[in-house]
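First up is the structure itself, then whatever we jot down about it.
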Amino acid sequence: MPSINRRIDPSLIAALLVIQVIATRCSAQQTEHAPRPNILLIVADDLGYSDLGCYGGEIRTPNLDQLASEGLRFSQFYNCAVCVTTRAALLTGLHPRHGDAGRLRENMITLGEAMQLAGYRTAMTGKWHLGDEAPRRPIDRGFSEYYGLLSGCCNFFNPAQPDPVFYNGGKHRPFFHNEQRITEFPDDFFTTDAFADHASRMIKQMAAGDAPFFLNVNFTAPHFPLHAHPEDIERYHGKYDDGYFALRPRRHQRQIDTGLIDPSWSLSPVDKNAGVFRHDYDIAPWDEVPDLQRERRRMEVFAAMVDRLDQAVGRVLDALEAAGAEDNTLVMFLSDNGGCATLPTDREGMRAYNQDLPGPAHTYDFCGPGWGWAQCTPFRRWKTWNYEGGISTPMIARWPAAIAPGTITHQVGHIVDFMPTLLELSGADYPHEFHGHDILPLEGHSLVPILHGQEREGHDVLYWTLNGNRAVRQGDWKLVWSADHTHWELYNMRADRTETNNLADQHPDRVAQLAALWTEWAKKVEVEDE
């Protein structure tokens, strides 16, 4: 066959090149001048990995389930195991510092301060827990508007009511609106509802302005004390009569069915002598629970608190839609740690105080280790521990302008990643100096590639420490030291994220290498000898 010479007209080539240049410039200009997204960051308190419907739970959470169906779920997102350390890391993009100087220091910049530098309007509603006096209040650290609880927890119906002596020595909790302390609350007050109402008002107000906004909403639900509205509790009456051992496999199967976890991972067994703050709290067999009526009621009230939390999130999302800000707002939802198994050391005092079943304002009760363990299905342990149950959180992100709906990512993320993520979205740089202080180098990595459905280069190593518990994760390998076992355990997260097969004896060199990394890091963040 004779060859055919095809000659392309040079003028056509030139025209095509011009078109390409114009298109590239237009695309760049559109990206450069595209409206920066609003940021709505919602944090729950003591919500377990499996408590939401979209993470395997049976509790009614239609609003958060819809948020997940319209956005992205992370299966491997990490926090810092307890309220205060998580909030410090989330707000600063730094692993929490220890020692006498506190976790929020002058050589750190907060998300509020960083977003203000980027030209955002900022506000916070709900729990703070990083200081209740100047210069460590939200209004001192980058939030122009603040309404909520400056400490860790309070009576949900009346925050002015002091804690019972058996738990916290009868202390009062500081509740503020900006600099004004609030000491009186209406009869129909409930913190979860009040935080949603204030957040909704702030959305309406800030969305009406010209600048984008950053709103951080920190619910205290479902943290103890176990308080809920009677109608919400009634919705779960009888649903937990067969106990925490029966609840876990049901949640586990739903997690497998939805693709959140690998079906080859075993459901973690109960840990004996799994102490909280080094006290023994064994999980009792269900047929040996001494007061089944109270034990069932604990989970019924907890479920009601999660239900009311979901209702509150729904109202906040409705406010976003009503303000016309839904499409260009990145909404992120997560928990500060795993489910809570706390019980006070003064058990007799707790029983004497709680003459009635938990739920009303005059009671002050806790979930306890059995339910706290079930809330973290399929993982080991719960809040305060560095096993996966303590540090794994549900994490949902929705941004209609950028995130594909109904997706799941198995890439690893951590709360220190919020700072670089928000900086990238706002177009701002991380400052090296702020208010005359040299700022510590950023330790997180942006989540923006993941939000766009891409792979990102994640953390080389992640670290944890709390109350004698330690962990370090590098790639698929995780080394854990628990305060009650006091030796290193090694797990392969790809094959066994539920931490049931300790491989330390098979890989002593890897144990030594990861332990050395943790020790070096511990000096950096001022961990005292635990």
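The values are calculated or read from the model by the stated rules, or taken from the named source; none is laboratory data. None of these values were measured; they are calculated from a predicted model. Positions of Cβ are backbone-derived with ideal geometry, glycine not excepted, and every protein chain shown enters the neighbour counts.
Residue check: SER3 meets all listed conditions (1) at pLDDT below 50; (2) surrounded by 10 or more Cβ atoms within 10 Å (Cβ to Cβ); (3) part of a loop (DSSP other than H, G, I, E, B) but one, namely (2). Whether a residue is free of Cβ contacts under 8 Å to residues at least 40 places away in the same chain, assigned to a loop (DSSP other than H, G, I, E, B) and farther than 27 Å from GLY314 by Cα was assessed, and ARG105 passes this test. Of the numbered criteria (1) part of a loop (DSSP other than H, G, I, E, B); (2) under 24 Å from GLY338 (Cβ atoms); (3) among the charged types (D, E, K, R), the one ASP65 fails is (1).
Taken over region 504-528, the criterion of being outside any loop (DSSP other than H, G, I, E, B) and hydrophobic (A, V, I, L, M, F, W, C) is satisfied by VAL511, ALA512, LEU514, ALA515, ALA516, LEU517, TRP518, TRP521, ALA522.
When the test is whether a residue is assigned to a helix (DSSP H, G or I), in contact (Cβ under 8 Å) with a residue 24 or more places away in the chain and either crowded, with 23+ Cβ neighbours inside 10 Å or in contact with a Ser or Thr (Cβ under 7 Å, 6 or more places away or on another chain) (or both), GLU295 does not pass it. Applying the criterion of at least 2 residues that are touching a residue at least 60 places away in the same chain (Cβ under 8 Å) to the strands (runs of 3 or more DSSP E) found wholly in region 458-502 leaves 462-466, 469-474, 477-481. Considering LEU260, LEU267, LEU334, the condition of being of a type in the set (A, V, I, L, M), in a loop (DSSP other than H, G, I, E, B) and either within 20 Å of LYS127 (Cβ to Cβ) or out of contact with any strand residue (DSSP E or B) (no Cβ under 8 Å at 6 or more places or on another chain) (or both) is satisfied by LEU267 alone. Restricting GLU443, GLU520, GLU489, GLU433 to those that are of a type in the set (D, E, K, R), buried (at least 17 other Cβ atoms within 10 Å of the Cβ) and over 25 Å from ILE261 (Cα atoms) reduces the list to GLU443.
The requirement of being surrounded by 15 or more Cβ atoms within 10 Å (Cβ to Cβ) and touching a Gly at 6+ places or on another chain (Cβ under 7 Å) is not satisfied by GLY152.
Just so you know, in region 381-428 the residues that are charged (D, E, K, R) and under 30 Å from GLY324 (Cβ atoms) include one that is nearest to the chain's Cα centre (by Cα), and it is ASP417. Note on region 343-380: residues that are hydroxyl-bearing (Ser, Thr, Tyr), surrounded by 15 or more Cβ atoms within 10 Å (Cβ to Cβ) and either farther than 24 Å from GLY53 by Cα or more than 27 Å from the chain's Cα centre (by Cα) (or both) amount to 3. Restricting region 454-504 to residues that are more than 20 Å from GLY338 (Cα to Cα) and among the aromatic types (Phe, Trp, Tyr) leaves a set whose member that is nearest to the chain's Cα centre (by Cα) is TRP477. ALA88 passes every criterion in (1) surrounded by 23 or more Cβ atoms within 10 Å (Cβ to Cβ); (2) part of a loop (DSSP other than H, G, I, E, B); (3) among the aliphatic types (A, V, I, L, M) apart from (2). Restricting to helices (runs of 4 or more DSSP H) lying wholly in region 144-239: which have 1 or more residues that are hydrophobic (A, V, I, L, M, F, W, C) and within 27 Å of the chain's Cα centre (by Cα)? Result: 191-207, 230-234.
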